[in-house]
Amino acid sequence: MNQKHWNDFWNQGFITTFGETLPTNYTGNLRNFWEEVFLSLENHCKILDVATGNGAIASIAADKISRSNKDVSIYAADAAVISESVKQLPLKTKELRKSINFFSNTPCESLPFSQEHFDLVTSQFGIEYSDWNLSLKEIFRVLKTGASAHFVCHHEKSSIVAPSMSEASIYESAMKKYRIFDAAIGFIQIIATTGCPTNQQASTQLNKTINDFRLEFSGNQLCSSLIAEIAEPMKRLRAIGTERVLTQLKSRKAEFESAHARLLDMKNAALNDTDIKNVLAKSREIGFSSADSLNFNNQLGLIGIHLHLVK
Ligand SMILES: C[S@@+](CC[C@H](N)C(=O)[O-])C[C@H]1O[C@@H](n2cnc3c(N)ncnc32)[C@H](O)[C@@H]1O
């Protein structure tokens, strides 16, 4: 899998996948769920969070454990590069995060840990991005006998995934069908090469492209923000010049391509009911003594699926 879009995302210093929407870590039912899981840990145990991102769940573990008298070693791994620092975390959590043993460039399909190493393996909106055939075997290998794995995974019908899919189709249209960023970049390049600040033909072409996109998604907020992201640097053309407008347009295009790629990853990762049955069956086949699933809900309805495996 191409990890660049995840590397770029985590490099911005977010603690959760929801960026500015959840800037200080997960809250509500998700947080309560993980706190409960970590509450049951014994002294001197080792835990591993896979597909950890910037370590949101591992940080909840560190927080919870710091409030007990237990000595627990926390490991957290991701296929992407995990950022050294995260922004907007409370100072105490930032300090606690330093106690986590992070492993970047570490896919779930190949874990650099010895067998029977961990008392608990966790993952939230993570392990389902991996190849289950390989990752389940790895989780089984590194877990101690009798220990559990708890995964909260995306479900294709959840209130997180379903609306994101309409967002993905708007990105798809903006980037691939209308190519609105390329149209704006092309327009500025014409101005840069001709040295003429107005070019009627190029300007009519750009307006048509943007209007066609706007008409298809009339009234949609994401569509309006994408257009605003293009309009904003272009309005400043006279003040900042073609080179800087081009740089800003290219950087925004890259950001939105990355957001689109993350949404497509989510779409491919999300489980349907047949996938869940298959994962549970595969887990039992590998040797887990029990494998169960439960819908995970909050006030918005279904937000994921909880898989609980015991070795
Ligand atoms: C939606 S994010 C979830 C991050 C974090 N668990 C959270 O809840 O905020 C998915 C993460 O899975 C990681 N990922 C994708 N494929 C992976 C794999 N095969 N092994 C490990 N991590 C993977 C991505 O790099 C990304 O950080």
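The values are calculated or read from the model by the stated rules, or taken from the named source; none is laboratory data. This structure is a prediction, so every number in the text was calculated from the model and none was measured. Quick reminder, even Gly has a Cβ in these numbers, built from the backbone with ideal geometry, and neighbours come from all protein chains shown. These accessible areas exclude ligands, DNA and RNA; they are computed on the full protein's heavy atoms, side chains included. Shrake-Rupley method; radii C 1.70, N 1.55, O 1.52, S 1.80 Å.
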Starting at 0 and stepping by 20 Å, how many percent of the alpha carbon pairs of the chain end up in each bin? 30, 48, 20, 2
Do any trypsin sites (Lys or Arg not before Pro) in segment 7-87 lie in a DSSP loop with no more than 16 other beta carbon atoms within 10 Å, and if so, which? Arg67, Lys70, Lys87
Enumerate the lysines that Lys177 could reach by cross-link, defined here as Cα to Cα under 30 Å, with residues fewer than 8 away along the same chain left out. Lys4, Lys157, Lys208, Lys235, Lys250, Lys253, Lys267
Asp49's amide H: which non-local residues (gap 5+, or another chain) put their own amide H closer than 5 Å, with H modeled 1.01 Å from N in plane and none for Pro or chain starts? Tyr75, Ala76, Ala77, Thr122
Using each residue's phi in segment 248-261, evaluate 6.51 cos²θ - 1.76 cosθ + 1.60 at θ = phi - 60° and report the 3J(HN,Hα) Karplus result to the nearest Hz, with x for Gly and Pro. 5, 5, 5, 5, 5, 4, 4, 4, 6, 5, 5, 4, 5, 4
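Report the local net charge at Leu309: Lys and Arg +1, Asp and Glu -1, summed over other residues whose C-beta lies under 11 Å from its C-beta.
Working: positive: Lys282, Arg284, Lys311; negative: Asp292.
Value of the local net charge: +2.
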Could you state the number of Å between the C-alpha centres of segment 207-251 and segment 1-37? 29 Å
At 1.002 mPa s and 20 °C, Stokes D of segment 88-148 from Kirkwood alpha-carbon radius, µm² per second: 163 µm²/s
Asn278 versus Gln221: modelled label distance in nm, points set 7 Å from Cα along the beta carbon direction: 3.5 nm
222 nm mean residue ellipticity, helices alone, for the chain (DSSP H n ≥ 4; -39,500 (n - 2.57); rounded to 500): -16000 deg cm²/dmol
Could you state the accessible area per residue of the chain in Å², with a 1.4 Å probe and every protein chain left in place? 49 Å²
The chain: angle of helix 161-172 to the longest principal axis, Cα-based, in degrees nearest 10: 30 degrees
Whose amide H sits under 5 Å from the amide H of Phe118, counting only residues 5 or more places off or on another chain, with H placed in the peptide plane? Leu143, Lys144
To test your reading of the geometry: what angle, between 0 and 90 degrees and rounded to tens, separates the Cα axis of helix 56-66 from the longest principal axis of the chain? 40 degrees
